[in-house]
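Scroll down for the structure; my scribbles are underneath it.
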Amino acid sequence: MPDRMLFRPTKAIINLDAIKDNVKALNDYLGNETSIIAVVKADGYGHGDVETAQATIEAGAKMVSVATPEEAVRLREFGISEDILVMGPTPASFAKTAVDLNITVAVAGVEWLEKACLSIKFDHALKVHIKIDSGMGRYGVRDVESLNAIINFAEESSQVIVDGVFTHYSCADMDQCETTDEQYANFMNFVALFPKKPRLVHASNSAATLLYPDYKLDAIRFGIGLYGIAPSEYVGKKLPFALKRALSLETELAHVKRLEKGASVSYGATYQSLDDEWIGTLPIGYADGLRRGLRGQEVLIGGKRVPIVGTICMDQCMVKLSEEMLVGEKVVLLGKQGNEEINMEEWAERLDTIPYEIAVSLSKRIPRVYN
Ligand SMILES: *Cc1c(COP(=O)(O)O)cnc(C)c1O
């Protein structure tokens, strides 16, 4: 992609080597029998879809997967030539494009195949992975008749190749959860119904891959872990190998002033200085994904933690400095500086959400810079 000239110092720095190291460590952990499907949906969890897809493939991932047809088409447009699986539902009208671009789709009912195939003759066969709903209750086949209908349709049609079958766990990231074992058993009962085993039988997301090595099967779908983020605090404590974080979010002090005691800061004048204070202004706000609820969250300046004070604006926010500092001083919102580190989990806790949501809500306005 062409380099744009950057003026605003706010940027997300993505360390592709960290992503590659995570893939290599994962490959060593999995061994030769299980291949990696790199999950790069939602713009690579905010890290850049094409860049992370490329990095994971270079490091040994055999396939990439996304959630929507548009995400898959974009990867092809930008030159990703490996197999791509769209894991979520697609409209039958996507089938022609899927065939033309060699994109594999997830199918959960014979009606979809009938709609997709009956009115059209493809140039090549359409590759599908049959999705089994083993207990997640989201998308997939839930009964034997529906599965058999799909298998029979595919056997009689030269238009369809069943390349894989997969399921998705609902609770693999949690402590004391029997549903993962139940879902695995349920899934394997469905897999046993295939007259011929499809090439790729896969079930595990990051959490299941890391906690249930016995369930790794032919492939695993690794998302959040690629980016060095543990799926949950519980999984984070039980990691079989270290994960390296790939993203840091940085900016610079854009303005510094001394406020006299009692002066107010930002919309609503809800913050008043308790004393004479040094206040810095950062060129980042909620339009960048620095949510208003992050008021009070600390950032790193000069290796120290300082708090965001007052209401976070759309494009700017203010921090309370411990001393006078110069415009241009580096500020780390996510990442390391000196001995301190602020991670997405810390933001997630403050916002009562999970790090996944933090990663995908850093907005498009923040340029991603790769190193
Ligand atoms: C998002 C997703 C994944 C990846 O999950 P992580 O927890 O990020 O590893 C795997 N499979 C499906 C079906 C998904 O939707």
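Against the condition touching a residue at least 24 places away in the same chain (Cβ under 8 Å) and either within 19 Å of I229 (Cβ to Cβ) or within 16 Å of the ligand (Cβ to nearest atom) (or both), how does S363 come out, does it pass?
Criteria met by S363.
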Matching strands (runs of 3 or more DSSP E) fully within the range 258-371 where at least 2 residues are of a type in the set (K, R): 304-309, 330-337
Qualifying positions in the range 199-229 - within 10 Å of the ligand (Cβ to nearest atom), closer than 22 Å to I19 by Cβ and among the aliphatic types (A, V, I, L, M): A207, A208, L210, I220, I224, L226, I229
Lone qualifier among V160, V165, V201 - being under 18 Å from A108 (Cα atoms) and either touching a residue at least 40 places away in the same chain (Cβ under 8 Å) or surrounded by fewer than 17 Cβ atoms within 10 Å (Cβ to Cβ) (or both): V160
Neighbours by Cβ (under 7 Å, 6+ apart or cross-chain): first from the range 220-237, in the same structural domain as K24 (by TED's automatic domain parsing) and of a type in the set (K, R); second in a loop (DSSP other than H, G, I, E, B) and within 9 Å of the ligand (Cβ to nearest atom): R221/S204; R221/N205
Every residue from the range 166-179 that is within 13 Å of the ligand (Cβ to nearest atom) and of a type outside the set (S, T, Y): F166, H168, C171, A172, D173, M174
Any hit, the range 180-198, residues being near the ligand (Cβ under 9 Å from one of its atoms) and either surrounded by 19 or more Cβ atoms within 10 Å (Cβ to Cβ) or assigned by TED's automatic domain parsing to the domain that holds I103 (or both): no
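The values are calculated or read from the model by the stated rules, or taken from the named source; none is laboratory data. A quick note: this is a predicted structure, and the numbers were derived from the prediction, not measured. Note that we place each Cβ from the backbone using ideal geometry, even for glycine, and neighbour counts take in every protein chain shown.
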